[in-house]
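Down below is the structure, laid out as structure tokens.
The values are calculated or read from the model by the stated rules, or taken from the named source; none is laboratory data. This is a predicted model, so every value here is computed, not measured. Reconstructed Cβ throughout: ideal geometry from the backbone, glycine too, with neighbour counts over all protein chains shown.
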Amino acid sequence: MTLRQETLDYVARLERNGQLLSTWALKSASQARTVQVRNDRAIVTDGPFAETKEQLGGYFLVEARDMEQALEIAAAWPSARIGRIEVRPVEPALPESARY
């Protein structure tokens with residue numbers, strides 16, 4: 001079985017279990033543009049924010065009861081065998097007192 005088919009099967013299983021909430025792939029970092037504002041002027045440059053070998057390929061938003069379950073879901077993801085999966089909780093609401 002190919003890695004692609006393993007991934008499709010895993011995604012289907014997460015969907016059946018009601019754990020996969022959203023997923024999107026990202027285009028290549030070569031198509032990225034970065035925006036910054038200086039002196040009230042937007043400056044747009046081609047390329048990603050940081051020069052790195054690693055790239056974010058997309059995201060998967062899953063429902064997990066806690067971080068341990070989220071890590072189990074990530075560890076079972078087929079591409080974890082050849083790359084890395086970053087796991088972060090969603091911030092449901094950022095209190096005004098915690099903003100900037």
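List every residue pair whose Cβ atoms sit under 8 Å apart, with the two residues 6 or more apart in sequence or on different chains, where the first one lies in the range 73-88 and is surrounded by 12 or more Cβ atoms within 10 Å (Cβ to Cβ) and the second, anywhere, is part of a helix (DSSP H, G or I) and among the charged types (D, E, K, R). Between residues of the range 73-88 that are surrounded by 12 or more Cβ atoms within 10 Å (Cβ to Cβ) and residues that are part of a helix (DSSP H, G or I) and among the charged types (D, E, K, R), the close pairs are Pro78/Glu6.
Kindly indicate whether Leu20 is in contact with a Leu (Cβ under 7 Å, 6 or more places away or on another chain), surrounded by 10 or more Cβ atoms within 10 Å (Cβ to Cβ), touching a residue at least 24 places away in the same chain (Cβ under 8 Å) and under 14 Å from Ile73 (Cβ atoms). Spelling it out, Leu20 is indeed in contact with a Leu (Cβ under 7 Å, 6 or more places away or on another chain), surrounded by 10 or more Cβ atoms within 10 Å (Cβ to Cβ), touching a residue at least 24 places away in the same chain (Cβ under 8 Å) and under 14 Å from Ile73 (Cβ atoms).
Within the range 65-100, the residues that satisfy the criterion of being part of a helix (DSSP H, G or I) and of a type outside the set (Gly, Ala, Ser) are Met67, Glu68, Gln69, Leu71, Glu72, Ile73, Pro78, Arg81, Glu96.
If the condition is being modelled with pLDDT of 90 or more, part of a loop (DSSP other than H, G, I, E, B) and farther than 17 Å from Thr23 by Cα, then the range 40-64 contributes only Asp40.
Of note, Ala29 does not satisfy the criterion of being within 16 Å of Val90 (Cβ to Cβ), surrounded by 10 or more Cβ atoms within 10 Å (Cβ to Cβ) and among the small types (Gly, Ala, Ser). Evaluated against (1) in contact (Cβ under 8 Å) with a residue 24 or more places away in the chain; (2) loosely packed, with under 12 Cβ neighbours inside 10 Å, Gln55 falls short on exactly one condition, (2).
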